[in-house]
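The values are calculated or read from the model by the stated rules, or taken from the named source; none is laboratory data. Keep in mind it's a predicted model, so treat the numbers as computed, not measured. All Cβ positions, even for glycine, are placed from backbone atoms using ideal geometry, and neighbour counts span all protein chains on display. SASA here: full protein model, heavy atoms, side chains in, ligands and nucleic acids out. Shrake-Rupley method; radii C 1.70, N 1.55, O 1.52, S 1.80 Å.
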Amino acid sequence: MFYEDFNQQEALLPIFDDDVELIDLAGHDDVTSRSHNHVICRYLIDRPTHTEPEFREKVSGPESIPENPGISDFAKKCVSNCTAKNVINGVIGLFPILTWLRHYNVRQWLPGDLVSGLTVGVIHIPQSMAFSLLAGLPPVFGLYSSFYPVLIYTLMGTSRHISVGTFAVTSLLTQAVVIRFVPDEPAAALILSNTTTPTADMTTASMVGVSEADMRRVAVASSLMLLMGVFQLVFGILRLGFITAYLSEPLIQAFTTGAAIHVVTSQVPSVLGYTDFASSNGIASFYKNWFEIFRNLPNTHVPTLVVSIVSIGLLVTGREINLRYKGKLKVPIPTEVIVVIIATVTSHFAMLKPDFGVVIVDNIPTGLPAPRLPDTSILINIIGDAFAIAIVGFAISISLSKMYAQKYGYQIDSNQELIAYGASNVVPAFFLCFPNAAALARCVIQENTGGKTQVVGLISVVIVLVTVLWLGPIFEPLPRCVLGCIIIVGLFGILQQFSQLKPVYKMSKIDFVVWIVTLLAVVTLGVDMGLLAGVVFSVLSVIFRTQTAKCEVLGSVAGTDIYRNCHNYLAAVPYSGIVIFKFHSALYYANKDFFKKRLIKATGVDPEAVIVERKKLEENSRSGTCCCVFRGKKYDVSNGDPEARSDVDTSKELESTTGDNSRPPTCGVACEVRAIVLDCSAISFLDLVGVKTLKAVCENYKEIGVDFLLAAVNADVRKSLLAGGYYDVASLDSEYVSVHDAAVYIKHFPDNKMPSGEDVCEL
């Protein structure tokens, strides 16, 4: 039996502070001690060292690795599970409302849902018209987009607190596509001659008071919505809800902030009353638009500006009151609704359009439109746009869903949410709607007004339906600049995300750079290309982190089995002749060279250089000389002559692998290293190149007489090593269950000779 003993027994022994109560530890009856200050416990270990194969065989039994089923087995399992009961359960699962509505607590939940539904429904009206204008469409189509998607999500969604419908970011992305296919006059004639335009029934069918150009724009928006919904449905069916993991929180914050800046820019001409403003799209459009805004300042329409200033003043005042007295107000003040009513009444009686030339909403048709087939001729041209909007819409909506689910203690299904979002975009695409998502402002209102379930959605769609069927014409005198003011003030919350820059910088410099780069990319390249650039840069930052992963040389804390960085912990002392190396990353093709360089730097031994020197010695018939290459210099240490290495101050030459000077192993000269222990506890996976790298490293070090051992290998990494043939080079006995097992064994048996009989090695 072989074990390392620190004069400890298998028991919990006390460490006493001031007044010590003497305890007889012979029988190990007591495991704690009491003092006037506190109780301290110690755990003591008395066991043999274990290689990984020994541990699995003797302690836990042989490791069972489940076989991967083939395609035929998977198909048979699917067929066997396809019973009538499972099909019914699957259909019911697509409509969660059928499950939770049966347990609806009318007394506790209905009052809050009723108040919240009425409030959110009223808020939908001005916001939907405003965001419809932002999307480049007449206001009435925003009302449609606040009816059908909300109704479908209420039936299929799993979140109880989000409010889907029109949203600033998706509306802005929609506008970019709409303007590209159906641009404003006078550039329309030139661009349309070189652009594929909608040709389906949508363009020929008309609505009362809606121009042919607007109908073509609706055709583009509906086609975009259809394709966006198809993407989300496919993602949900294929269980790809995890794809939003590639959109980090800093990236989402920067993207939405940049999009909000574009939205504000797009509404400034409306607020200032510019009637002939030609907005730009594409790369650098932000700078071009602001140049035009300043150039047209002399053309500011004063009556429109006055209306805008008053509206913004009222909206900001109401917002501040709601925020400041949030705890005291049972129901937030519906400032947007109040401003819309005041502006509509004032515009009607003051004759703002005929007497002062203020642009108004004008025609709002009543009734729901008949279903129409979206134009399919342009789908191939908008695949990239639809994919981007599908990802952005889902990322924003699911982040809000998860936030409220965590806050109120319930679960959401990401894949079911994808299906719900997909359905709430596919079906409304046949009813003249445009892409939608959850809106933060409405979600906050829904929560603050006491909303408990998606019954809020059912009530809000009733309010929108009444407006569409009967009340729409009431809002025709509403000045359009008021809707622009509502959009701008509503984005204050998103623009306040600039305040997150300081904490992000403190927590992670790389995330801070991702934030800044994404923001600048969105502002400069546009919303769609900026998002792509931000995602690419974010992924590259992850690759950069793994390529320059943290590495450590570990030392033992005396009297324990704990190993820490030799540079950071003074009590961590490296073992003579043993280098314990820890790599904090996955090992794969992108960082294999970095891994090898850091390992050579940590050990001071370049095995490939040593092998080359030995071959040269053999050619010169000097096989009895042991030559080692350290930091590019050759040293003859065959006789152990200390003078042979007196010119090397290894304490200065051997730097920490983290980039700082570190105390080197006590062996000093690199060729005295007889074993390397690779701590694999932080290595999450290996690819084919990573396995080949470890094989080559192990083989090279073994060739020069240095043992290469692995410790704390997880199951996935071990599986890769087995598949890659690593143990054909290293043998299974070169893997240990922990760093301490490997270090203790190699320390007491440097020649790798197993002890015989009952030999015990004690410190």
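Computed values, structure above
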{"quantity": "Breaking point among (1) in contact with a helix residue (DSSP H, G or I) (Cβ under 6 Å, 6 or more places away or on another chain); (2) open to solvent by 20 Å² or more (accessible area, probe 1.4 Å); (3) more than 29 Å from F475 (Cα to Cα), for V337", "calculated": "(3)"}
{"quantity": "Restricting segment 703-723 to residues that are crowded, with 16+ Cβ neighbours inside 10 Å and more than 15 Å from A682 (Cα to Cα), the residue that is farthest from the chain's Cα centre (by Cα)", "calculated": "I704"}
{"quantity": "Residue among L98, L134, L118, L155 that is surrounded by fewer than 23 Cβ atoms within 10 Å (Cβ to Cβ) and under 30 Å from the mean Cα position of the chain (by Cα)", "calculated": "L155"}
{"quantity": "Residue match in segment 349-371 (condition: assigned to a helix (DSSP H, G or I), modelled with pLDDT of 90 or more, buried (at least 20 other Cβ atoms within 10 Å of the Cβ) and not β-branched (V, I, T))", "calculated": "yes"}
{"quantity": "From I412, I445, I487, residue being in a loop (DSSP other than H, G, I, E, B) and at pLDDT below 90", "calculated": "I412"}
{"quantity": "Criterion violated by A682 - all others in (1) in a helix (DSSP H, G or I); (2) among the aliphatic types (A, V, I, L, M); (3) open to solvent by 10 Å² or more (accessible area, probe 1.4 Å) satisfied", "calculated": "(1)"}
{"quantity": "In segment 285-320, the residues that are within 34 Å of the chain's Cα centre (by Cα) and either open to solvent by 30 Å² or more (accessible area, probe 1.4 Å) or free of Cβ contacts under 8 Å to residues at least 12 places away in the same chain (or both)", "calculated": "F286, Y287, K288, W290, V316, R319, E320"}
{"quantity": "Scope segment 166-178; condition touching a Ser or Thr at 6+ places or on another chain (Cβ under 8 Å) and either outside any helix (DSSP H, G or I) or among the aliphatic types (A, V, I, L, M) (or both); matching residues", "calculated": "T166, V169, L172"}
{"quantity": "Filter pass, V310 being closer than 23 Å to L491 by Cα and either of a type in the set (G, A, S) or part of a helix (DSSP H, G or I) (or both)", "calculated": "yes"}
{"quantity": "Residue in segment 230-241 that is open to solvent by 20 Å² or more (accessible area, probe 1.4 Å) and more than 32 Å from the chain's Cα centre (by Cα) present", "calculated": "no"}
{"quantity": "Among (1) farther than 30 Å from L678 by Cα; (2) open to solvent by 70 Å² or more (accessible area, probe 1.4 Å), the one test that P479 misses", "calculated": "(2)"}
{"quantity": "Matching residues in segment 390-420 - criterion: being open to solvent by less than 10 Å² (accessible area, probe 1.4 Å) and over 16 Å from the mean Cα position of the chain (by Cα)", "calculated": "Y404, A405, E417, L418, A420"}
{"quantity": "Single residue of N89, N105 found to be among the polar types (S, T, N, Q), free of Cβ contacts under 8 Å to residues at least 12 places away in the same chain, farther than 24 Å from I445 by Cα and surrounded by fewer than 16 Cβ atoms within 10 Å (Cβ to Cβ)", "calculated": "N89"}
{"quantity": "Those residues of segment 243-284 which are among the hydroxyl-bearing types (S, T, Y) and either buried (at least 18 other Cβ atoms within 10 Å of the Cβ) or within 29 Å of N296 (Cβ to Cβ) (or both), in sequence order", "calculated": "T244, S248, T256, T257, T265, S266, S270, Y274, T275, S279, S280"}
